[in-house]
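Worksheet: one structure, shown below.
The values are calculated or read from the model by the stated rules, or taken from the named source; none is laboratory data. In this text the structure is predicted, and so the values were computed from the model without any measurement. We place every Cβ from the backbone using ideal geometry, glycine too, and count neighbours over all the protein chains shown. The area values use the complete protein model at the heavy-atom level, side chains included, leaving out ligands, DNA and RNA. Shrake-Rupley method; radii C 1.70, N 1.55, O 1.52, S 1.80 Å.
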Amino acid sequence: MATSAKKKKNSTMKKIGTPREKPERKLTRATMIDLYQARQYLGLDTLKETGLRMPVRVYFKDPAVAASTEGAGIDEDFTTPWEPGLADGPTSARFAVVDYDATKNVLTPPAIWDARNNCYLAPDRKTVLDDKVKKLYQYHQLSVWATVQNTLDFFESRAGLGRRISWAFEGNRLIIVPHAGYGENAYYDRGSKSLQLYWFESEKGTVYTCLSTDIVNHEFGHAVLDGLRPYYYESVLAQTAAFHEFMGDLTALLMAFRNNAFRKVVLKESNGELSNAQLLAGLAREFGEATANAPYLRTGLNKRTMQDLAGNLEPHALSEVLTGAIFDILMGVFAKHQKNEVSRAKAGGSRRPSDIRALADTVPRMQMLAIQPLDLLPPCGVTFRDYALAVLRAEQVANPADPSGYRELMVDCFIKRGVLDEADRAPLMANGPVFRRPALDVFHPVDSIAASRGGAYRFLDDNRTKLLIPPSADIDVPEIVRASKRTRDGLPLPQQTIVQYLWREELVLEGERFGRFAGERTTMLCGATMVLDQNGNLIHWVRKPGTAAIGTSQAALDEQAEGVRRRNELLDTIAARIAAGMVGESIGGELGLLQRATPPFTVARVDGALRFGLAPHFALDDDHEHDRTGERQWQISF
Ligand SMILES: [Zn+2]
């Protein structure tokens, strides 16, 4: 920490102009902490003025976009949340940057926290880490930390999930390794509790994946989803794996979209037509240019549908359908806001219709529309349809009268992509009560359900019949959370209590199609997510049933039939993946080790039964799987 002697030295240096002036400290630490405690009541400008949001210079997208697009280089308005416990690294409550390069076997010294001036410095304790020193690894450390710190805030804020997020691993900090080693790769790895970001040489020089805001946000999206729904990992279903990729791309897309200055560049580049806005929709340009000779790696501007990709088990390709649907919705919402601008101007307002304002208005709606429904997803085996239904249900609760027709827009977009069917339209658009009470045998107050996992177990067990849970199922409740979300106008939505519960059903892999696994046992995850408001009304209930008999009522028979369909789908997918040679044993998991030999799907033995799952990450460099599809995929995964 700077001594007073150092401070004097710095002020002299300030006069001669180098290094760059440190931000002047205006408030005492005690005042900062007071304000920090009241931060949810403060507006963005106040947060910036008081230093509760710290300025950090990060790339809008990546160095390639910076070099080729005027105005889309370094984001000068970027800020990230301050918190009282910041330390060298950077290290904060939920992140720790550890700059260990496994290829070079070098641990780079960390960025230094200057608590007097509320900023990070180079190891000389003088140089402020900004874009003038972007070659310094400590600048990379700060930029990657500031990005994820801000993105976590985006997810946790009330316009997002309205609650804190847990990681899928023990401990409070996700480790960020900005220069993990040499390789065209980056991934989130639960086992080592880390994001691993590699660097490689290209024709244009060294590419640091940690400087690509898209790649960092994509990988962080995996970490967030893994925290919200840890059992998605344990799935071989194409759509569940693809949903993880979608979540990565959605995070990258929405974080870029949130940026005012960037949106202006997007409008200019596309002449106000978002259907041309490849700058916004295209992801990871530098990585795409260097590894795939393409202007981007994946894009929201695509025409892919579920029908086109029927039978395709490759998660990255399949994820583009859902990313495309969300981008269609984004364009539709923007068009509605453009119309509002025009009618406001016609009604005699003094201001002219503005695309910039229309696009700015689209931002909070997209955050609400795409992020809030994540709490309504099932605990296992998620499908694109589950997400579409969650999006529509969240919109219905937030905006029941829907005078501007947002739900119709979304239904159209999901049907066009084949995520929903035409037959879904009528029931989804029907007018009915917004809330129902769940049918129960034994009432439990929401407070007692939410108070502990024990409370939730008792509630579920007392109501097994009505909740369609088999009598013999051994239920697990991985997490219960409460959330206070808001509408885009800042109004509170009903408080949500979110209960996830699961059980396992044993299956035998019978027949030659299971190859070397024939005759072995495995398990199918079954369960549900129930979301209640504070009065016990049902906000959402999504189920993934098993095949066990649960009664003779029509509801029970339908539930069982769905369980049989799920079992057959699971067995067929396991057989297809075994036939494609995609299942293998995972090797090691050391921090920073680039695992070229890891297959995309893994198998482990737990309690005598096989557990298939997504690999901790995919190492796709020379993977046959991708040679066969003729595409170079984002070499990145879990
Ligand atoms: Zn990914």
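A straight Cα-to-Cα reach below 18 Å connects LYS104 with the aspartates and glutamates GLU184, GLU201, GLU590, residues fewer than 8 places away in its own chain not being considered. Our Cα-only numbers for segment 65-214 put the radius of gyration and Dmax at 15.5, 44 Å. Going by Cα centres, segment 374-426 and segment 42-87 are how many Å apart? Taking the Cα centre of each part, segment 374-426 and segment 42-87 sit 33 Å apart.
Its residues counted as N, segment 323-447 yields a C-alpha radius of gyration over 2.2 N^0.38 Å of 1.25.
Could you sort out which of LYS48/LYS336; LYS61/LYS135; LYS48/LYS264; LYS61/LYS268 sit more than 27 Å apart by Cα distance in this structure? Check vs 27 Å cut-off fails for LYS48/LYS336. Extension gain, THR103 to VAL564: 0.36 nm times the residue separation minus the Cα-Cα distance gives 161.1 nm. Here the Karplus curve 6.51 cos²θ - 1.76 cosθ + 1.60, taken at θ = phi - 60°, turns the phi angles of segment 199-205 into couplings of 10, 8, 8, 10, 4, 8, x Hz, with x standing for Gly and Pro.
Ordered by 1.4 Å accessible area with all protein chains kept, TYR188, TYR233, TYR457 run largest first as TYR457, TYR233, TYR188. In straight-distance terms, cross-link reach from LYS26 covers every one of the aspartates and glutamates whose alpha-carbon lies under 17 Å from its own, apart from those fewer than eight places away in the same chain; here that gives ASP34, ASP45, GLU49, GLU83, ASP114.
Here is how the number arises for the chain: DSSP H runs of 4 or more residues each give -39500 (n - 2.57), the sum is divided by the residue count, and the result at 222 nm is -12000 deg cm²/dmol.
What is the dipole size for the chain, taken about its Cα centre, with +1 at each Lys and Arg Cβ and -1 at each Asp and Glu Cβ, in debye to the nearest 20? Working shown, then result.
Details: 79 positive and 79 negative charges, 561 e Å.
I would put it at about 2700 debye.
Where both partners of a DSSP beta bridge lie in the chain, what percent of those bridges are antiparallel, to the nearest 5? The answer is about 80 percent antiparallel. In the complete set of protein chains, residue-level accessible area for LYS48 is approximately 80 Å², probe 1.4 angstrom. Going by alpha carbons, how many degrees (0 to 90, nearest 10) lie between the helix axis of 384-398 and the longest principal axis of the chain? Result, in degrees: 70.
In the chain, the longest principal axis of the Cα atoms and the axis of helix 406-416 are about 70 degrees apart. Shown for the chain is the translational diffusion coefficient from the Stokes-Einstein equation, using the Kirkwood radius over Cα pairs, a temperature of 4 °C and a viscosity of 1.567 mPa s: 50 µm²/s. Pick out, from PHE95, ASN302, ALA290, the residue whose Cα sits farthest towards the positive end of the charge dipole of the chain, with +1 on the Cβ of Lys and Arg and -1 on the Cβ of Asp and Glu. Selected residue: PHE95.
Rounded to the nearest 5, what is the percent of antiparallel bridges among the DSSP beta bridges in segment 85-235? Before the final figure, lay out each step's value.
Numbers: 17 of 24 bridges.
For segment 85-235, the DSSP antiparallel bridge percentage is about 70.
Helix 260-269 axis versus longest C-alpha principal axis of the chain: approximately 80°, rounded to the nearest ten. Peptide packing: for 606-613, 381-388, the average count of neighbouring Cβ atoms within 10 Å per residue gives the ranking 381-388, 606-613, highest mean first. With N counted as the residues of segment 138-288, its alpha-carbon radius of gyration over 2.2 N^0.38 Å works out to 1.08.
GluC sites (Glu not before Pro), restricted to segment 191-222: which are DSSP loop and have at most 10 other Cβ atoms within 10 Å? For GluC sites (Glu not before Pro) across segment 191-222 that sit outside H, G, I, E and B with at most 10 neighbouring Cβ atoms in 10 Å, the list reads GLU203.
Over segment 320-376, the alpha carbon radius of gyration divided by the compact-protein estimate 2.2 N^0.38 Å works out to 1.33.
Between the alpha-carbon centres of segment 93-148 and segment 451-507 there is a gap of 41 Å. In the distance distribution for segment 61-129, Cα-Cα pairs more than 21 Å apart total 46 percent.
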